[in-house]
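Undergrad: Quick one: this structure, given as structure tokens, is what I'll be asking you about.
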Amino acid sequence: MHRRGTIRTAPRSPATACRLPALFESVRACLEPGGLFLYCDHDVEAGSSKNPELYLTREQQPEALAAAGFADVRLLLDGGGMALLSARCP
């Protein structure tokens, strides 16, 4: 069987949302061109009981991935206060 890549899961520690851009840059640096990154996390919206220092808003999630150098950022699933996004390493 030919292996085309590696799947890794890495739950993030409850750090702060401001650390996520650096995390995304580290992930992109590990991927080969064309590599796929799937990111699933809670999001925080106005009036939510979630701590806004821990989570990005729905709008900030794809912006942070793009700012880290990812391309083709897409929202795949959206619901229950969580989102699943995909992004490619250019």
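Undergrad: If you check every pair at least six apart or on different chains, which have Cβ atoms under 7 Å apart with a residue in segment 23-34 that is over 9 Å from Ala68 (Cβ atoms) first and a residue that is in a loop (DSSP other than H, G, I, E, B) second?
TA: Cβ pairs passing all conditions: Leu31/Cys89; Glu32/Cys89; Pro33/Cys89; Pro33/Pro90; Gly34/Cys89.
Undergrad: Spot the failing condition for Asp78; the list is (1) over 13 Å from Phe24 (Cα atoms); (2) part of a loop (DSSP other than H, G, I, E, B), and only one is missed.
TA: (2) is the only condition that Asp78 fails.
Undergrad: So which residues in segment 73-90 are over 25 Å from Asn51 (Cβ atoms) and surrounded by 13 or more Cβ atoms within 10 Å (Cβ to Cβ), if there are any at all?
TA: Ser86, Arg88, Cys89
Undergrad: Against the conditions (1) part of a loop (DSSP other than H, G, I, E, B); (2) without any contact (Cβ under 8 Å) to a residue 12 or more places away in the chain; (3) surrounded by 12 or more Cβ atoms within 10 Å (Cβ to Cβ), where does Leu54 fall short? Just the number, please.
TA: (2)
Undergrad: Just to be sure, is Glu32 part of a loop (DSSP other than H, G, I, E, B), surrounded by fewer than 16 Cβ atoms within 10 Å (Cβ to Cβ), among the charged types (D, E, K, R) and at pLDDT below 85?
TA: For Glu32, the condition - part of a loop (DSSP other than H, G, I, E, B), surrounded by fewer than 16 Cβ atoms within 10 Å (Cβ to Cβ), among the charged types (D, E, K, R) and at pLDDT below 85 - is not met.
Undergrad: Which condition number does Ala64 fail, the rest of (1) surrounded by fewer than 16 Cβ atoms within 10 Å (Cβ to Cβ); (2) within 16 Å of Thr16 (Cα to Cα); (3) among the small types (Gly, Ala, Ser) being met?
TA: (1)
Undergrad: Considering each of Leu75, Leu38, Leu65 in turn, give the residue that is touching a Ser or Thr at 6+ places or on another chain (Cβ under 6 Å) and without any contact (Cβ under 8 Å) to a residue 60 or more places away in the chain.
TA: Every option except Leu38 fails the conditions.
The values are calculated or read from the model by the stated rules, or taken from the named source; none is laboratory data. No experiment lies behind these values; they were computed from the predicted model shown. Every residue, glycine among them, receives a Cβ derived from its backbone with ideal geometry; neighbour counts consider all protein chains shown.
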